[in-house]
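Bear in mind that the values in this text are calculations on the coordinates, not laboratory data. What you see is a predicted model; the values in this text were computed from it and never measured. Cβ sites come from the backbone with ideal geometry, for glycine too, and all protein chains shown count toward neighbours.
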Amino acid sequence: MIERFLPDADATDVLGRALAATRPATAVVHLSGDLGAGKSTLARAWLRALGVEGPIRSPTYTLVERYPVPGGEALHLDLYRIGGAGELEFLGLDEAGAVLWLVEWPERGAGALPAPDLLVELAVAGEGRTVRLRAPGAEGAAWLARLVDHGDLQGFPESNP
Ligand SMILES: Nc1ncnc2c1ncn2[C@@H]1O[C@H](COP(=O)(O)OP(=O)(O)O)[C@@H](O)[C@H]1O
Ligand SMILES: [Mg+2]
């Protein structure tokens, strides 16, 4: 488990870029936290780092936005407004072609999403945010080890100073 304090939105961007730089070839990432915790900020920085140009819209109403990225497709989901996990089937998501899943409100798609490699939990902490990164499996654990070695995160303290 990694925990860091992100003092401002730029710090969330730095984390998004570091996650993009260290990601495995395919990854399923759950982004959890209350409204305003910074999930979309993180997803946007991550997608930009993968070369996505043009608008990155919040998938609040469409449930999913797709982007071509190196190796395949990135899927950015926001399941806040989903009626039930069964609705995911109707989106026709191409699991085989997706190299990256960034899923906001994953608990609302429980049972219908692929198993996560990385769990990102964001929470408001004063003016900033705390982030907790957990890896349920070996692939994710190796990813977290690369992330810790990645210089960009080293400036952020482990908790709200
Ligand atoms: N580490 C941070 N510290 C302070 N504000 C942040 C941080 N990360 C993101 N924000 C801000 O929080 C607000 C909500 O972010 P957003 O990514 O839309 O949240 P969510 O998708 O979780 O609802 C935005 O104004 C964003 O700039
Ligand atoms: Mg959001």
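Of note:
- Tensor-based shape of the chain (alpha-carbon gyration tensor, a/c under 1.5 rounded, otherwise prolate or oblate): prolate
- Convex hull volume per residue for the stretch 59-113, taking Cα atoms only, in Å³: 67
- Of the GluC sites (Glu not before Pro) in the stretch 23-130, those whose Cβ has at most 14 other Cβ within 10 Å and which sit in DSSP loop: Glu53, Glu95, Glu127
- When shorter helices are ignored and each DSSP H run of at least 4 residues is given -39500 (n - 2.57), the per-residue value for the chain at 222 nm works out to -7000 deg cm²/dmol.
- DSSP-assigned coil residues among chymotrypsin sites (Phe, Trp or Tyr not before Pro) in the stretch 3-83, each with at most 16 further Cβ atoms within 10 Å: Tyr61, Tyr80
- Around the amide H of Val28, modelled in the peptide plane, lie the amide H atoms of Trp101, Asp117, Leu118, all under 5 Å away and 5 or more residues distant in sequence or on another chain.
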